[in-house]
Structures are given as C-alpha cells and as structure tokens.
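Participant: Can you keep this structure in mind? I'll have questions shortly.
The values are calculated or read from the model by the stated rules, or taken from the named source; none is laboratory data. Everything quoted here is computed from the prediction, not taken from an experiment. Every residue, glycine among them, receives a Cβ derived from its backbone with ideal geometry; neighbour counts consider all protein chains shown. For accessibility, only protein heavy atoms count, side chains too; no ligands or nucleic acids. Shrake-Rupley method; radii C 1.70, N 1.55, O 1.52, S 1.80 Å.
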Amino acid sequence: QVQLVESGGGLVQAGGSLRLSCAASGSIFSISNWGWYRQTPGKQRELVAKTISADLINYADSVKGRFTMSRDYAKNTVYLQMNSLKPEDTAVYYCSGYIRKVRWDQGDDYWGQGTQVTVSS
C-alpha cells in the first residue's frame, strides 16, 4: 500500500517559519511530479510548488522567494520550507506525487492526508 504522509504543520505567528515534510512509503519504484498544494474552506485546491524536472521547480507567484521545495531521493521525501509566513498562507497543505510501484507500472497520482498550517497576525 503506497502512502504519502505529511507532517510539520502547526500554528505560527506572521513572519515565522515552518518546514513541512511529505514521506512516501510502500512499494515504490519511482516518484515524479512531486507537488505541494493548499486549500482553504470554500476554495479550490491551489498549487504551491511542483517539480517540473530533476532540476526545476515551479512556484506559485504568491510564495516565490518565501517558500522552497526540496527533495531527498533516498528517503522518498519532499520538504517545503516556508519562511516569512503571512496570515493568507493559512490553509491545509497537501503533497502529491506520481508513483510507479514497479518498473512496468503505468503509475498513478497519490495524495497525502493534509496538514494544517495556521498563521496568526
């Protein structure tokens, strides 16, 4: 059973920092298209950051210069370092990845359960 599990959310004051983690576990051959998304009540889930290639990550304009996504291939884990947090960053943050369980597997998108980030003013 493949799972993505996020951690690291919490309550922080504006201007503070948090680091989210997303670990993939289970039978995994490869993971690509890692992404971080966020969602607030009544709104659609929006992209925060997404890997385009091994060396390129795309960020939403609203987080550029403040958030940094990184990957640990050996641990099948991605991170989202969030600095200079603002109240409007408050949301549930989800990670996703396109996972192939075996070499010949077509693959599928997997999502974590989400972690709450609350930024107080």
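Participant: Given the alpha-carbon gyration tensor of the chain, what are the semi-axes of its equivalent ellipsoid in whole angstrom, ordered largest first, with each equal to the square root of 5 times an eigenvalue? Walk me through the intermediate numbers first.
Facilitator: On the way: eigenvalues 133, 39, 31 Å².
Calculated on Cα positions only, the semi-axes equal 26, 14, 13 Å.
Participant: Please give me the summed charge of the neighbours of Gly35: other residues whose Cβ is under 15 Å from its Cβ, Lys and Arg +1, Asp and Glu -1.
Facilitator: Charge balance near Gly35 sits at 0.
Participant: Report P(r) for segment 1-67: all Cα-Cα distances, bin width 10 Å, range 0 to the bin holding the largest distance, values in whole percent.
Facilitator: 15, 44, 33, 7
Participant: Just need the relative contact order of the chain here, percent rounded to a whole number, with Cα pairs under 8 Å and 6+ apart.
Facilitator: Values: 295 pairs, mean separation 44.2, N = 121.
Result for the chain is 36 percent.
Participant: Follow-up. If you add up the charges near Gln116, with Lys and Arg at +1 and Asp and Glu at -1, over every other residue whose beta carbon is less than 12 angstrom from its beta carbon, what do you get?
Facilitator: -1
Participant: Round to a whole number: what % of the accessible area of segment 62-104 belongs to carbon and sulfur, probe 1.4 Å?
Facilitator: Numbers: 1140 of 2220 Å².
Here it works out to 51 percent.
Participant: Skipping prolines and chain starts, which residues have an amide H placed within reach, meaning under 5 Å, of the one on Gly16, given they are 5 or more residues away or on another chain?
Facilitator: Residues meeting the amide H criterion: Leu85.
Participant: Kindly report the accessible area of the chain per residue (heavy atoms of protein chains, probe 1.4 Å, no ligands, DNA or RNA), in Å².
Facilitator: Solvent-accessible surface per residue comes out at 56 Å².
Participant: Around Ala49, with a cut-off of 12 angstrom between Cβ atoms, what is the net charge of the other residues, counting Lys and Arg +1 and Asp and Glu -1?
Facilitator: Here the charged neighbours net out to +3.
Participant: Fully extended, how many nm does the chain gain between Ser70 and Ser30 (0.36 nm per residue separation, minus their Cα-Cα distance)?
Facilitator: On the way: separation 40, 0.36 × 40 = 14.40 nm, distance 1.66 nm.
Between Ser70 and Ser30, full extension yields an extra 12.7 nm.
Participant: Report the number of Lys pairs in the chain whose alpha-carbons are under 22 Å apart, with separation of 8 or more residues or on distinct chains.
Facilitator: 8
Participant: For the pair Thr118/Ser17, report the inter-label distance in nm, with labels modelled 7 Å from Cα in the Cβ direction.
Facilitator: Output for this residue pair reads 2.3 nm.
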